[in-house]
1. Please go through segment 435-453 and give me each residue that is over 14 Å from the mean Cα position of the chain (by Cα) and either under 21 Å from residue 467 (Cα atoms) or among the aromatic types (Phe, Trp, Tyr) (or both), ordered by number.
2. Could you check residue 6 against (1) part of a loop (DSSP other than H, G, I, E, B); (2) surrounded by fewer than 19 Cβ atoms within 10 Å (Cβ to Cβ); (3) modelled with pLDDT of 90 or more and say which number it fails?
3. Restricting to segment 578-620, what's the tally of residues that are under 24 Å from residue 481 (Cα atoms) and outside any loop (DSSP other than H, G, I, E, B)?
4. Can you name the residue in segment 309-355 that is closer than 16 Å to residue 278 by Cβ and of a type in the set (Asp, Glu) and, of all such residues, is surrounded by the most Cβ atoms within 10 Å (Cβ to Cβ)?
5. Counting just the residues of segment 485-506 that are over 30 Å from residue 451 (Cβ atoms) and in contact with a strand residue (DSSP E or B) (Cβ under 8 Å, 6 or more places away or on another chain), which one comes out surrounded by the most Cβ atoms within 10 Å (Cβ to Cβ)?
6. Taking interchain pairs and intrachain pairs at least six residues apart, which have beta carbon atoms under 7 angstrom, with the first residue in segment 57-77 and under 20 Å from residue 16 (Cα atoms) and the second assigned to a strand (DSSP E or B) and among the small types (Gly, Ala, Ser)?
7. Please list, ordered by residue number, the helices (runs of 4 or more DSSP H) wholly in segment 265-315 having 1 or more residues that are β-branched (Val, Ile, Thr).
8. Would you point out the residue of segment 490-504, among those that are at pLDDT 95 or above and of a type outside the set (A, V, I, L, M), that is farthest from residue 620 (Cα to Cα)?
Amino acid sequence: MFGGQGRLSEYYVEITINPVQEFISKVRKTRDLWSGSFMLSLLTASMLMEFKNRYKDAQSMLVSPSVELDSDPMIMLLEKKSWGGKSANEREKNDSNEMFGSLPHFFKVKIDGDKDTAIEIAKFIEDSFKASWEKIADGIWKMLPEEVMGEKQKEIWERQVNGYWTLNWTVSDNLGTDKYGKLNRLALPPSEDWIGCTMFGELADLSGEFRNDKRKGFWRNFRQAYIKNKKVSQSDFDEEEWLSAMGIIKRLFPRYLANVYNLGFKDKLLNYPSTTYFAVRPWLDSIKGRELEQEEKDLLKRYATTVINSVWFPYEMNQPKEGEEFFGLASDAYFVESMDNLEFKDEKAKSELVLMLKKIHKKFKHPGTFYAILLMDGDSLGKLFSSAEKPKELSGKLAEFASQVPRTVMRYDGKLIYAGGDDVLAILSITKVLECAKEIQENYQEKMGKDATISAGIVMAHHKLPLRIALQEAHHQLDDVAKDGNGRSSFAISVLFPSTTKHQWVSTWEDENGKDVLVRLRNLDAGLTDKNFSNSFFYKTLGILEKLGYEGKEDILPELLTAEYYATRDEKRSGKLKERDMILELCRELIDLCKVRKRNPGTIVEYNFGFIRFLKFYRENVIGYEKEEGRD
């Protein structure tokens, strides 16, 4: 089939793009996170497409990822210039807002030929990656204002663009006895004389200036020229942002994508919702679900009208429908403390807005300040495939699972960043992330079999925290806590506050009796609410538990907690000792959910009383809004 010299055999060519995780995790906005993930999938798709076009039996040669080369949406985007192969109008009527990365940063092909031919194929694939990357970089360079981009900026740009990526490729026979590998860089890594990029902290910004005052001046001129030339509906660059070539490429890639490809939903692609939007969404939904008095309607309408007339970019994403203006405002407009982030046409309007917003908060309480990141990954997938009787059939099931993820995330009002194979990354509100994670976990086992498991890292982060910190925490919770620490088939939840403190809860999806742990959590909350457990109960309970500890030998803590419940000064509980058995049972359940549940538990019973801190947060920030939305 292939010419060349050497022993004729089966050879495998494996290609890996690096550094992927570093590239994706360097973010300042949710748009950057989506952009990095989608761009890498598109680069993988470009290599697969070129491979498909060169070799007529490419589909049979492809080992992983499990994709149909003639129908994969990423490849069709490159070939037909439209997402999913559908027309812009078709996409607009359906799930047009759900563009997401779907291909991993590696793939593997099998050939019938000699080693030299396999190496030739590896180099061909490498060249296709380089060509695709340069096309994206050149396209984005042309979007920058010429009047501020001089020779100095061009030199920095080319150094960083040509030196950032590496392509690892390995050629080996099917027995693993004849291997040839090469770490093949497109160029040497960038050698920076200074670092100043606010997104990629290890890279120089494009100003080329060492002094901060000159750097600020360059970026002020850059931003003004860019906005003037592009006449953008919102600013792509914030004030005090100094970006490298890689930072600018990530930031402007959605705009490049919308310009190059046939996408009828450009506004949705460019105006990606912020973390603040996901934090405030439950509050907005709770107001929508209420029967409003005319006075309340007038207040919301007056506030929205003032924002729209006073702010340059008043909307979070797209202009909302008539009558719903209040629910589509820029997310910073819902917080007094974030008002300075808005770009006012008239600064005098700010004080008026602050007064109106305080009235709104008094009537509808303060909006939530936490959003959620969901990161999921299949457990021991390599082992699962190596032991499978029909690996190709299992690969098809994995692809079928991945195809269901977008609809699941969309049903819970989340934004999907990536869904490929067994990996999932999404942003949601904290009121819906647990249900979404559980449904994805159930779908995974349904498709892959009962022996297949998946773990999740869930972060509920304050919207003022840098997104990159929350993303790093999600990876820590998934990899170190859920998988390595708890033995897989687990979820690990972390609550991140603006300070360094955090709450954490980790558990297997099911307890030792096969009961759903998240269902037990909801049932416990319902019982605590029904019996009017107060906030002071949780504070005092933590003090008792952390002082005494618990070795699992005696059932004394539920009794102590029950006594504490009746000791709380609350007239509603006086004379209700006849309900003591129910209160005791709730306290037992509370203690039991503090139990450390691992996939392979040891003989020693351990307890994590940090669960109570998480429970208190959950009741105040998740359940409260769910009830106002009418979700029981």
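The values are calculated or read from the model by the stated rules, or taken from the named source; none is laboratory data. Only a predicted model underlies this, so the values are computations on that prediction, with no experimental measurement involved. Cβ atoms come from the backbone with ideal geometry, glycine included; neighbour counts cover every protein chain shown.
1. Within segment 435-453, just 444 meets the criteria.
2. Unmet for residue 6, out of (1) part of a loop (DSSP other than H, G, I, E, B); (2) surrounded by fewer than 19 Cβ atoms within 10 Å (Cβ to Cβ); (3) modelled with pLDDT of 90 or more: (3).
3. Keep residues of segment 578-620 that are under 24 Å from residue 481 (Cα atoms), which gives 589-619.
From what's left, outside any loop (DSSP other than H, G, I, E, B): 589-593, 595, 607, 610-619.
So the count comes out to 17.
4. If we take residues in segment 309-355 being closer than 16 Å to residue 278 by Cβ and of a type in the set (Asp, Glu), then 316 is surrounded by the most Cβ atoms within 10 Å (Cβ to Cβ).
5. In this case the residue turns out to be 495.
6. So the pair list comes out as 65/420.
7. Values: elements: 266-270, 275-288, 294-310.
By residue number, 275-288, 294-310.
8. Here the answer is 490.
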